Structure formats: structure tokens, C-alpha cells
1. Would it be correct to say that residue 277 is at pLDDT 95 or above, closer than 27 Å to residue 212 by Cβ and more than 18 Å from the chain's Cα centre (by Cα)?
2. Checking residue 245 against (1) in a helix (DSSP H, G or I); (2) farther than 22 Å from residue 206 by Cα, which single condition isn't satisfied?
3. Please tell me if residue 91 is over 22 Å from residue 124 (Cβ atoms) and either part of a helix (DSSP H, G or I) or modelled with pLDDT of 90 or more (or both).
4. Among what's in segment 71-89 and is within 40 Å of the chain's Cα centre (by Cα) and without any contact (Cβ under 8 Å) to a residue 24 or more places away in the chain, pick the residue that is farthest from residue 52 (Cα to Cα).
5. Evaluate the following for residue 406: is it crowded, with 19+ Cβ neighbours inside 10 Å and not in a helix (DSSP H, G or I)?
6. Could you tell me whether segment 390-402 includes any residue that is without any contact (Cβ under 8 Å) to a residue 60 or more places away in the chain, loosely packed, with under 14 Cβ neighbours inside 10 Å, out of contact with any helix residue (DSSP H, G or I) (no Cβ under 9 Å at 6 or more places or on another chain) and not in a helix (DSSP H, G or I)?
7. Modelled with pLDDT of 95 or more, assigned to a helix (DSSP H, G or I) and surrounded by 16 or more Cβ atoms within 10 Å (Cβ to Cβ): does that describe residue 295?
8. Which residue out of 265, 256 is in contact (Cβ under 8 Å) with a residue 24 or more places away in the chain and farther than 20 Å from residue 194 by Cβ?
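The values are calculated or read from the model by the stated rules, or taken from the named source; none is laboratory data. This structure is a prediction, so every number in the text was calculated from the model and none was measured. Virtual Cβ from ideal backbone geometry, glycine too; neighbours counted across all protein chains shown.
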């Protein structure tokens, strides 16, 4: 009965706390207040909560909240213990949780100097002890806590606030706009916290909040652009913010948005890297701006911090892009040769591409001049399988096919050409030395 009675006592204290101050710090019956404060505090010093609890319950009946802040804090410890003991009794547990919340409110009302800590502790207890269906109530307290604490807000409060917004959205309680507003508020608080915390901690917090927003299901490209455009425009040279925006738009598959391109360009201007240059190549390539795409791909190759393997792969991609998208055969062959020189691991593919390009040429001239490109094509295909044996099967099929287009021996003889003779092929601006080969 005494444990139930404390609920009503605390409720009464909430109603009369404004009046007991006129009767002094220890209330109308100061002697009993002081006596029982002393009794329970002795047990608390011994960490004997079980013996302290009955005396505390008497003290809370006679003492106003102004008697001792520790009386409220100790009461919270006692009630938390009781809540855990009655975890299988939902009715009693709910009464005890209500009493715990009342103690938090008494501390908030009577000790404004400690309001940030008091409000934060109340929020954490609500998170720990709230029941299903109370999510909106907890969310409200978390929001109030952030309003009160500002830059002193615990990162845990901010993350849980965003988590509750997600939960309420999944339950159909919150709309897209409400989740959006929650994220905007959480982000603003993170900006305030940034003045107090280490940059690494702030970056981790911002990432957690943004990830929760992304997981909410409301992070459409339209919403993300609306959210991040002001942040981009306000911080066009902040590497961390630019990187965050790029990461979130990437996660949202918003690569076609103008904001995405603008942000990547700004990030490259702040800190040029081969990876960012390559990303810009991809973005411009998808937009059909081939010249700009190739220029950025070359910047990736030229970046001093990229290694030979990366450069070779970039050069190989450049060669393929120039040939397939730009019809720039000379430049494609030059890029492929450069790739082979940079790293032997791509040499086979480079020679295969060059062989493919030569085999596709349609040349003007006599019958020998029209067929001579196939000699060069086979030369490079042979080099391809020597450089990479995995290509042997594919290459052998191509060699067999191109060999069918070699001139007949009798036709070559008409041009004073013999098998094995040196020959320089010139076709469509391409020029290469090779050997004469014929079909017998």
C-alpha cells in the first residue's frame, strides 16, 4: 500500500509545490521532514536502497521538493529499482513509472539551474520505461529536451528522437512532412552541438541522424534535394558537408539530380582526387557530355595520388569510351597503348581492344589495302592472349574470323607482295607496321 500511496503523494506535491515555499525549505512539519531525510540518507550512504526506501517514502510525504534535490534524485534510484522488481506486474509498474516521471517534473520545476540534465534524464527514463503506444509522448519529451538543451543536447537524445520519428511514420502516425521536419530539427541541433564536441564525434552523430532519415522511407530525391540544397549553398567549400550530401544522394539513387553534379564538382574543387574526377566522368558520360567526361577521366589518370594500377584501369576505360561513345579511334588506340604500358594486368584487354578496332576498319583503296587492317588486328590479338591467357579462347575465335579476310596468295603476288614481307597499313588516320599474310 505504501508503494501505491507514493503516487498520490507525488501528485499532491505537484499541485502544492508552489505553496510550500512560503512555509520554508522543509515545509510545514519541518521536524519530521528533516528526521526522515536523515534516516533514509544514512541508508543511501550505505547503498542499502531496500532499507532506505520506506524512510524515503515518509520523507517525501512531509518534505516539499525544495527540501533537497537529492531527495528527488534518490527517489528516482528507488523507483527504478521498484520498476525492475515489478516488471511482471504491468499495473504496479505503470504506477511506479508515473511516480518516476513526477519526480523528474518536480526537479525540472524546482531546480531550473539543472533543467538540461533533469530534462535529459527524464527523456532517457521515458525511453527505457515507456510502453507500446507511448511513442508520440516520448517523441514530444525528446523534442522538448532538445529545445531546452540546445548545444548541450546529448547525442543519444538526438539519435533517439530521429528513431522515434521513423517509428511513428512506420505506424502511420506521422506524415512525410513531419519526418522531414523532425530531421531538419535534429540536423539543426547537430549544428549546435558542433560548437561543443570534437569534429569526429559530430561527424558520427550527423551520419547516424542522416542514416535514420534515409531509412525512414520518405527520403525521395525530391525531398533530399529540398533538404540539402540550402546546406550546399550555405557551405559550398566545406568538405565534410559536401561529402555527406554526396553520400546521401548516392544512397537515395539521385545521381541524375543537378544538385548531385554541383556537389561533386564543388567537392572536387575543394579536394581534387582521382576518385572524384572519375565520378564526374561517370556523371557527365550519362548526360551525354562526352568531351567533359573524357576531360575528367584524364584528370583521374593525371592525379599524382593514384597508383599505376588505378591509372591503367582509368586509361583502359578512357580507351573504351573514346571508341564506343566518341568514335575517336586514334585516341582510343593511344589510350589503350598507354594503359598497357602503365600496368601489365590490363595489357591483354588493351591489345584485345586495339585488335577489335583494327578489325572493324573499312578502308578505301585496292583489295590489299582493304584487307591489310586484318593483319594488324591479328598482330594485336596474338599479343592479347600472350599478355593474358584467360583471353585465349575468345581471341582464337577472332583470329580465325579475321584470317578469313586475308588476301589470297595469288592476289598478293599481283601486287608484288610475299608472305612475311614488311607492310605499313594506313587507314582512316591509323598507321601501323605489320607483315604480309595470305590465304593459300
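1. Values: at pLDDT 95 or above: yes; closer than 27 Å to residue 212 by Cβ: no; more than 18 Å from the chain's Cα centre (by Cα): yes.
Against the criterion (at pLDDT 95 or above, closer than 27 Å to residue 212 by Cβ and more than 18 Å from the chain's Cα centre (by Cα)), residue 277 does not qualify.
2. Only one criterion is unmet by residue 245, namely (2).
3. Values: over 22 Å from residue 124 (Cβ atoms): yes; either part of a helix (DSSP H, G or I) or modelled with pLDDT of 90 or more (or both): yes.
Taking the combined requirement at face value, the residue satisfies it.
4. Looking at the filtered set, the residue picked out is 87.
5. yes
6. Within segment 390-402, none of the residues are without any contact (Cβ under 8 Å) to a residue 60 or more places away in the chain, loosely packed, with under 14 Cβ neighbours inside 10 Å, out of contact with any helix residue (DSSP H, G or I) (no Cβ under 9 Å at 6 or more places or on another chain) and not in a helix (DSSP H, G or I).
7. Numbers: modelled with pLDDT of 95 or more: yes; assigned to a helix (DSSP H, G or I): yes; surrounded by 16 or more Cβ atoms within 10 Å (Cβ to Cβ): no.
Answer is no for this residue.
8. Values: 265 fails: in contact (Cβ under 8 Å) with a residue 24 or more places away in the chain.
256 is the lone residue from the list that is in contact (Cβ under 8 Å) with a residue 24 or more places away in the chain and farther than 20 Å from residue 194 by Cβ.
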